[in-house]
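This report refers to the structure that appears directly beneath it.
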Amino acid sequence: MKRTKVIDALRSTAYGEPICVKGWVRTHRSSKAVDFIALNDGSTIKNIQVVVDPSCPVDSGNENLALKDITTGSCLCVIGKLVESPAAGQASEVQAESIEIYGACGSDYPMQKKGQSFEYMREHAHMRLRTNTFGAVMRIRHNMAMAIHTYFHEHGFFYFHTPLITASDCEGAGNMFQVTTKNLYDLKKDEDGKIIYDDDFFGEQTSLTVSGQLEGELGATALGAIYTFGPTFRAENSNTPRHLAEFWMVEPEVAFIDQEELMNLEEDFIKYCVRWALDNCKDDLEFLNKMIDKTLIARLEGVLKETFVRLPYTEGINILQEAIKKGKKFEFPCNWGDDLASEHERYLVEEHFRKPVIMTDYPRSFKSFYMKQNPAAPSSVCVGTTDTAATDTTPSIGYKGAIAPGPTMQGTDVLFPQIGEIIGGSVREESYDKLMSEVERRQMDKTHLWWYLDTRRWGTCPHGGFGLGFERLILFVTGMQNIRDVIPFPRTPKNANF
């Protein structure tokens, strides 16, 4: 008999008709008169109840198993009749006529029906996907991927595939995983002790990419608007709840876009994804709202209602320093020129503005070489503190105070509650001379950037884009607290299991 998915069985009203459902046992309650098995196949957070008479035949193949041996985690095929359920909270159930045990579970099954810590489940990541929580997270992850592709397709972007193996370091941080076919026990070196790559597969030093942005810019200058969506890698020895060594990035690049238009794109895109989750993941969100974060759905709905604050970095620093004067304690410094830590970003969005913030115009000192530099502010232009109250619902405008004490770049980073930075974006520098000046000022190696610089030599154009950390989006949408719990098999320092 053809299998019916649990999600379809729960929706069906074909009562009295034969049905076949298959899945894994969540719970099994026994009595002398009747047994109740909650079966789930991953198609929905909800289980279908299987009602079993003790006389129901149970086929265990070569294993000598009976009804009483069906425990949590066992995999079953149930054939029976779909009937209207008298129990509250469910419309349908299955009256079993025969059960086949595909795979039994013993008492050593690691995902028993009891409270398991997330740390424990990470140690059993090959089994944790069968739990309610991780099933919900993975279904939402799928839906967010669908939302991303749908949004960009509907807005005229082209899906553009950038290489995973590269000889250039987009971010310039150097934290990259090297790719090589060389014998690491017998490395050829020159007289200065440097490794010779002539005999390596690519003939030069190559690594796994940290970003597809540079190649994405090439696509934007040909197709107008593109986006990448794929894995990226960073060999940063970080064990925080916000970092992975292997993670997925969404990176649109758009020709002929300015800073204001870029911020509008970032806000519209994020809101589209959140709206998609609320419209398409109702059952899973309700489960996570109940079990993980009781403010989750309200927070998601709040994002759709608010206009994101547009906040210059200099203004943000002034707000943070005012908070310190009033007794707020931060672990890290926040003077002008400092790269803001997550605690600073979360203060701005969770305590001061209480809404998402797009921070702009960062100091050149810690931003990437490719960002467009702002013109020096004339003495009559002022930015700085504002009288905007924490409860004000309008974007922070009308700044007054000190001029930014150094050159700034047209960054457009989106900061979210619970997360901090969820998007990092900027207008890109289109001038060949200005870009070359910045490369030289930073003493960067131009050997692997010649092709990127050519885009500014031949037919350059204004353009910009951003990178969205996909797992950070999933963190926000699910309410989970650790990024290792929103990707099926996390890659972190000292951990490449499964």
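The values are calculated or read from the model by the stated rules, or taken from the named source; none is laboratory data. Remember, it's a predicted structure, so these values are computed and weren't measured experimentally. Here Cβ is always computed from backbone atoms with ideal geometry, including for glycine, and neighbour counts include all displayed protein chains. For the accessible areas, the whole protein counts, side chains as well, though only heavy atoms, and no ligand, DNA or RNA atoms are used. Shrake-Rupley method; radii C 1.70, N 1.55, O 1.52, S 1.80 Å.
Accessible-area rank, largest first, for VAL274, VAL179: VAL179, VAL274, with all protein chains present and a 1.4 angstrom probe. Using the 1.4 Å probe convention, the accessible area of the stretch 58-124 works out to 55 Å² per residue with neighbouring protein chains retained. Accessible surface for the stretch 434-498, divided over its residues, is 45 Å² per residue with a 1.4 Å probe. Summary of the geometry: the stretch 307-322 and the stretch 402-430, compared by the centres of their Cα atoms, lie 11 Å apart. Amide H to amide H, with H built 1.01 Å from N, ILE358 comes under 5 Å of VAL309, ARG310, LEU311, LEU415, counting only residues 5 or more places away or on other chains.
Quantify, in whole percent, the carbon and sulfur part of the accessible surface of the stretch 419-483 (1.4 Å probe; protein heavy atoms only).
C and S atoms contribute 48 percent here.
The listed residues HIS448, HIS142, once ranked by accessible area (1.4 Å probe) with the largest placed first, stand as HIS142, HIS448.
Each of LYS290, LYS328 has its accessible area taken with a 1.4 Å probe; listed largest first, they run LYS290, LYS328.
To put it simply, the accessible area of the stretch 210-343 at a 1.4 Å probe is 52 percent carbon and sulfur. Charge tally for THR455 (other residues, Cβ to Cβ under 12 Å; Lys, Arg +1; Asp, Glu -1): -3.
Shape class of the stretch 102-245 from the alpha-carbon gyration tensor: oblate, with a/c at 1.5 or above and b/c at least as large as a/b. Would you work out what percent of the accessible area of the stretch 73-144, with all protein chains in place, is carbon or sulfur (probe 1.4 Å)? After summing per-atom areas, the C and S share lands at 49 percent. Taking every protein chain into account, the accessible area of the stretch 154-246 amounts to 56 square angstrom per residue (probe 1.4 Å).
Gain on full extension, evaluated as 0.36 nm per residue between ALA88 and LYS282 minus their Cα-Cα distance, stands at 67.9 nm. Residue-wise HN-Hα couplings along the stretch 111-124, as the Karplus relation 6.51 cos²θ - 1.76 cosθ + 1.60 with θ = phi - 60° gives them from phi, are 9, 5, 6, 7, x, 10, 6, 5, 4, 4, 5, 5, 6, 10 Hz; Gly and Pro carry x.
Averaging the sequence gap over all C-alpha pairs within less than 8 Å and six or more residues apart, then dividing by the number of residues, gives the chain a relative contact order of 14 percent. Take the Cα of LEU65, step 7 Å toward its Cβ, do the same at GLU236, and the gap between the two points is 4.5 nm. Distant-in-sequence amide contacts of TRP248, defined by a placed amide H-H separation under 5 Å and a gap of 5 or more residues or a different chain, comprise THR232, PHE470, GLU471.
The solvent-accessible area of VAL50, taken with every protein chain present and a 1.4 Å probe, is close to 0 Å².
For ARG428, the residues 5 or more places off, or on other chains, whose built amide H falls under 5 Å of its own are LYS372, HIS463, GLY464, GLY465.
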